[in-house]
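The values are calculated or read from the model by the stated rules, or taken from the named source; none is laboratory data. Small disclaimer: the values here were computed from a predicted structure and weren't measured. FYI the Cβ positions are ideal-geometry reconstructions off the backbone, even for glycines, and counts take in every protein chain you see. These accessible areas exclude ligands, DNA and RNA; they are computed on the full protein's heavy atoms, side chains included. Shrake-Rupley method; radii C 1.70, N 1.55, O 1.52, S 1.80 Å.
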Amino acid sequence: MAELAAEAGGVMARPPLPIGMHGKITVYKVGERRFRARTKVRDHDGVVRQVERWGTSKTAAEMNLKTALAERRRVSADNEITADTKIAVLGEAYLAKIDKAVRNGKLSPTTGDQYRYRFERHIKDGIGRLAIREALVSRLDALVADVAQHYGASGAKTTRTVLSGMFGLAVRHDALDRNPVREIDTVESEGESARALTLDEAILLRAKIHAHEKARGWDLPDFTDMMLASGLRIGEAAAITWDALDLDAGTLEVRATVVRVKGVGLVLKPKTKSKSGFRTLELPTWAVQMLKARRDRVPSNEWNVVFTAPAGGLRDPSNTQADLRVVFADAGFEWVTSHVYRKTVATLMDHGGLTARAAADQLGHAKVSMTQDRYFGRKVAKTGAAALLEAVAPEKQSSSKVGEKLGQSP
């Protein structure tokens, strides 16, 4: 009403101070060698407050006040992200939240490390010196495309995820009115659809691993058998404890995963990759027999895990991946990775007539669509999952006999 009245009387209302800015500085002499500098500041809560400082001269009082005003803006900026905040500072603020999520057990330490790695490697060096307001869609799109070209689709996807989280934080602080990452192209996975092992390939690879001298020294025959029997991730297989197994019932309770925590080392993380990761699985009889024989053969350990590293500690998923690459290459299966075992189990379930929901439950996926899109192979001989998992173990059976057995399964 006051503004309307002022306008009606021909006098325009004075616009308010911008947030964080101060008005005219006035300096008063209040005594011998005693000066007071005063101004009004509109703080980040919108309230206009009076700020003053003293000095032995007019210049000193004004400088003391300007120093106080600068300090006031800095303190506010610690909790406030604005359009002029550097993207590098925004990234550190976002990663601080990620670190907190890791400490609270809401996010995997491995994921936290990946986010920080992509930020330091690509985002900070690429656009970190720009202000948030300079984060144009075209610039972000070019950054993600460059990462995809030089580091692959996986690195680009993680970079895009970090950028989305960062600029989502900027939106929540009103530094932007929308998240520009939503407008950039999604990153498409490279290559063909998921490839899984055929029945003959699974039997052949298993036999070669059992005959491989280094694989036996690295204790990989039983470990890879377990992955093939269950579809577990490497970290989940490394985290199996004896008390999570019911060998009489032939079941396994998936409770944890092995991760490496910076500054700590390998630990048993009592949470899997997602809520769906907590699951109880049935095991084929040959896997149960393998586990019973292993229980009688291997020494106990402080973690009570079934599969330790060759030296006796927790099994490092990264080191295991490296060892598997050597064994797979020597066996003539260079294209195989640990995830191929998961794809094989999912694809067998698909061709065996089981539902995508059942396959997602087996692999511990929260979304059925992910199982269908990434884990169902498209070039695998038609068969049933349970029958294959029973048939893989017997080295004496020929491929044709196993095929006949599978053909008789319901």
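Segment Val267..Trp242, full-extension length gain: 7.3 nm, with 0.36 nm per residue of separation and the alpha-carbon distance subtracted.
Using a probe of 1.4 angstrom and keeping all protein chains present, the accessible surface of the stretch 226-322 works out to 48 square angstrom per residue. Computed from label points 7 Å out along Cα-Cβ, the spacing between Lys214 and Ala83 is 5.8 nm.
Would you mind working out the magnitude of the charge dipole of the stretch 108-170 relative to its Cα centre, with +1 at each Lys and Arg C-beta and -1 at each Asp and Glu C-beta, to the nearest 20 Debye?
Magnitude of the dipole: close to 80 debye.
Placing dummy labels 7 Å off each Cα toward the beta-carbon, the span from Asp174 to Lys29 is 4.3 nm. Give me the percent of accessible area attributable to carbon and sulfur for the stretch 302-343, probe 1.4 angstrom. Carbon with sulfur: 48 percent of the solvent-accessible area. In plain terms, the chain from Glu120 to Thr337 could stretch by 75.3 nm, reckoned as 0.36 nm per residue minus the Cα-Cα distance.
In the stretch 207-347, the C-alpha radius of gyration followed by the widest Cα-Cα span (Dmax) gives 14.4, 41 angstrom. Within the full protein context, the accessible area of Thr110 is estimated at about 70 Å² for a probe radius of 1.4 Å.
Out of all Cα-Cα pairs in the stretch 135-232, roughly what percent, to the nearest whole number, are more than 15 Å apart? When every Cα pair of the stretch 135-232 is considered, 71 percent fall beyond 15 Å. Placing unit charges on each Cβ (+1 for Lys and Arg, -1 for Asp and Glu) gives the stretch 164-241 a dipole about its Cα centre, and among Trp218, Ala175, Gly231 the Cα reaching farthest toward its positive end belongs to Trp218. Amide H contacts for Val261 (H built 1.01 Å from N in the peptide plane; partners 5 or more residues away or on another chain; cut-off under 5 Å): Leu266, Val267.
Scanning residues 5 or more positions from Thr241 or on other chains, those with amide H under 5 Å from its amide H are Val306, with H placed 1.01 Å from N in the peptide plane.
Between Lys100 and Arg294, the C-beta separation translates, for a Förster distance of 45 Å, into a calculated FRET efficiency of about 0.70.
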